[in-house]
Amino acid sequence: MWSLRALRGRKKPSIGLRGVSSFGFDYEVLYESRRSRARVGVIRTSNGLIETPAFVPVATTGALKCVDLALASREVLEMGMVFVNTYHLMVHPGVDLVKRAGGLHAFIGYDGPLITDSGGYQVFSMASTGPQDELKGKSVSKWRNPCAGGANRGLVLKIDEEGVTFRSYRNGELLELTPEISVKAQKSIGANIILPLDILLPNSADFETLIDCFHRTHRWESRSLEEHLKDQGHQVMYAIIHGGTDVRLREASLEYLSRRPFQGFAIGGSLGKNRLEMYDLLSHLCPKIPRSLPVHLLGIGDVPSILRGVELGIDTFDSAYPTRAGRHGSWLTADGSFVNLKGQSFAERVQSPPVDLCDCPVCRCHSGAYVHHLYKAKEPVASQLGSIHNLYRMTRLMKEIRERILSGAM
């Protein structure tokens, strides 16, 4: 069995494959499975390394829900990287303030690697009722083509080739988001990995809308890259592969983006109505992505999808789901399923931890009965404990996956 620590310690691993490398960033495949496309690697940044495959917690506004980043150190939760949203930081407290505070790492009190997205998802969620209603399971009949231009509903005032004009949801201030503005914002706050501005459509978008937005997204990605290359610094930019569930568009997107000097790939956009559709799409797309570059799956972090994604060669995954589930009483178990700590069966677990066979800081200190009591009493600390537990379990899951790959079991 190969040891990840031993592999990482070698200067030139005999089975290592060097991938992209630039100032302050390096990607290296340390081991590739013979059973699947799964691989173990390491992403080195100026703020530390990320052992892959890895789960990336989402700290949308620069904060994990109910978990203080400064206290939940990498030694406690072993988080390799954290995902932060540029749009929300632009709205509040503002990019200039974050920069004056010493950059995003200093501002949020986390010295590990950070990845930021462009803000496109949030803007286009505001552009119509479509994405919001779809997430809530409602009709999206009122969805309109964001590439058609003109006035839009709500806070978004204009969408055209240049970018998006919208009002702050906090104070109504007029704001603009273009590929260049998004990249400048991400670079000024000092994220390690940044993403280009793109358009996210709901799964229900018609083909004409998909085509219009497909072409504009790629023009915006090229403009984002051009802005990034003016002064790369210690940062790298991943391309975002789009095309919805249309395999031909996904292939065209990958071909277009592969001809440009992006330093990693993210898979974005609509991935289907369910897991099976997503698996079919990823099974077709992933084997075509260059093996020398890191691959990130945007917005996906449930255990079954991670296991399948790893087998297909995906390196990193991000999601807010584990902390959201923890706030509502759903705790991850060692096998990847959930138990409901609000359930009456936990009321009498005075001598047992919240989750059996768990060595997280919460389960080592508290009983299931106590945590059940906290939820029933609506104590805020219950959400904190649930979030910490789930983050711990996700990082342990990824560690176990890396060990399974190295042992030849995956």
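The values are calculated or read from the model by the stated rules, or taken from the named source; none is laboratory data. On a predicted model such as this, the values are computed, not experimentally measured, just so you know. Don't worry about glycine lacking a Cβ; one is built from the backbone with ideal geometry, like all the others, and counts go over all protein chains shown.
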**Complete:** Those residues of region 337-363 which are assigned to a loop (DSSP other than H, G, I, E, B), more than 17 Å from residue 390 (Cα to Cα) and of a type in the set (S, T, N, Q) amount to 351, 352
**Sole residue being modelled with pLDDT under 95 and crowded, with 17+ Cβ neighbours inside 10 Å, chosen from 56, 20** = 20
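Quick grid of which residues meet (1) out of contact with any Phe, Trp or Tyr (no Cβ under 8 Å at 6 or more places or on another chain); (2) assigned to a helix (DSSP H, G or I); (3) surrounded by fewer than 15 Cβ atoms within 10 Å (Cβ to Cβ); (4) assigned by TED's automatic domain parsing to the domain that holds residue 398:
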position: 243; (1), (2), (3), (4): no, no, no, no
position: 248; (1), (2), (3), (4): yes, yes, yes, no
position: 257; (1), (2), (3), (4): no, yes, no, no
position: 261; (1), (2), (3), (4): yes, no, yes, no
position: 285; (1), (2), (3), (4): yes, yes, no, no
position: 335; (1), (2), (3), (4): yes, no, yes, yes
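Matching residues to (1) crowded, with 23+ Cβ neighbours inside 10 Å; (2) modelled with pLDDT under 90; (3) under 30 Å from residue 201 (Cα atoms):
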| residue | (1), (2), (3) |
| --- | --- |
| 70 | no, yes, no |
| 73 | no, yes, no |
| 78 | no, yes, no |
| 81 | yes, no, yes |
| 95 | no, no, yes |
| 103 | no, no, no |
| 116 | yes, no, yes |
| 136 | no, yes, yes |
**Message:** Any residue that is of a type in the set (Phe, Trp, Tyr), touching a helix residue (DSSP H, G or I) at 6+ places or on another chain (Cβ under 9 Å) and crowded, with 19+ Cβ neighbours inside 10 Å - is there at least one of those in region 231-238?
**Reply:** no
**Any chance residue 264 is more than 22 Å from residue 89 (Cα to Cα), modelled with pLDDT of 95 or more and among the small types (Gly, Ala, Ser)** = yes
**Item:** Residues that are within 27 Å of the chain's Cα centre (by Cα), aliphatic (A, V, I, L, M) and at pLDDT below 95, drawn from region 324-361
**Value:** 334
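Table: residues versus (1) free of Cβ contacts under 8 Å to residues at least 24 places away in the same chain; (2) crowded, with 19+ Cβ neighbours inside 10 Å; (3) assigned by TED's automatic domain parsing to the domain that holds residue 236.
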position: 289; (1), (2), (3): no, yes, yes
position: 307; (1), (2), (3): no, no, yes
position: 312; (1), (2), (3): no, yes, yes
position: 339; (1), (2), (3): yes, no, no
position: 345; (1), (2), (3): yes, no, no
position: 352; (1), (2), (3): yes, no, no
position: 367; (1), (2), (3): yes, no, no
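Residue by residue, here is whether (1) part of a helix (DSSP H, G or I); (2) more than 21 Å from the chain's Cα centre (by Cα); (3) within 24 Å of residue 84 (Cα to Cα); (4) at pLDDT 95 or above holds:
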| position | (1), (2), (3), (4) |
| --- | --- |
| 180 | yes, yes, yes, yes |
| 184 | yes, no, yes, yes |
| 197 | no, no, yes, yes |
| 204 | no, yes, no, no |
| 213 | yes, yes, no, no |
| 218 | yes, no, yes, yes |
| 225 | yes, no, yes, yes |
**Prompt:** Hey, among the residues in region 397-409 that are under 23 Å from the mean Cα position of the chain (by Cα) and touching a residue at least 40 places away in the same chain (Cβ under 8 Å), which one's farthest from residue 79 (Cα to Cα)?
**Reply:** 405
**Prompt:** From 269, 233, which residue is more than 14 Å from the chain's Cα centre (by Cα), of a type outside the set (S, T, N, Q) and on the phi > 0 side of the Ramachandran plot?
**Reply:** 233
**Prompt:** So residue 88 clears everything in (1) surrounded by fewer than 21 Cβ atoms within 10 Å (Cβ to Cβ); (2) of a type outside the set (A, V, I, L, M); (3) modelled with pLDDT of 95 or more except one condition, right? Which one?
**Reply:** (3)
**Request:** Might you check whether a residue that is more than 30 Å from residue 284 (Cα to Cα) and in contact with a Phe, Trp or Tyr (Cβ under 8 Å, 6 or more places away or on another chain) occurs anywhere in region 311-328?
**Result:** yes
**Scan of region 227-241 for residues that are touching a residue at least 12 places away in the same chain (Cβ under 8 Å), part of a loop (DSSP other than H, G, I, E, B) and over 21 Å from residue 290 (Cα atoms), ordered by number** = 231, 232, 233, 234
**Prompt:** So which residues in region 155-178 are modelled with pLDDT of 90 or more, of a type outside the set (A, V, I, L, M, F, W, C) and assigned to a strand (DSSP E or B), if there are any at all?
**Reply:** 176
**Prompt:** If we keep just the residues of region 105-121 that are under 19 Å from residue 49 (Cα atoms) and not aliphatic (A, V, I, L, M), which is farthest from the chain's Cα centre (by Cα)?
**Reply:** 109
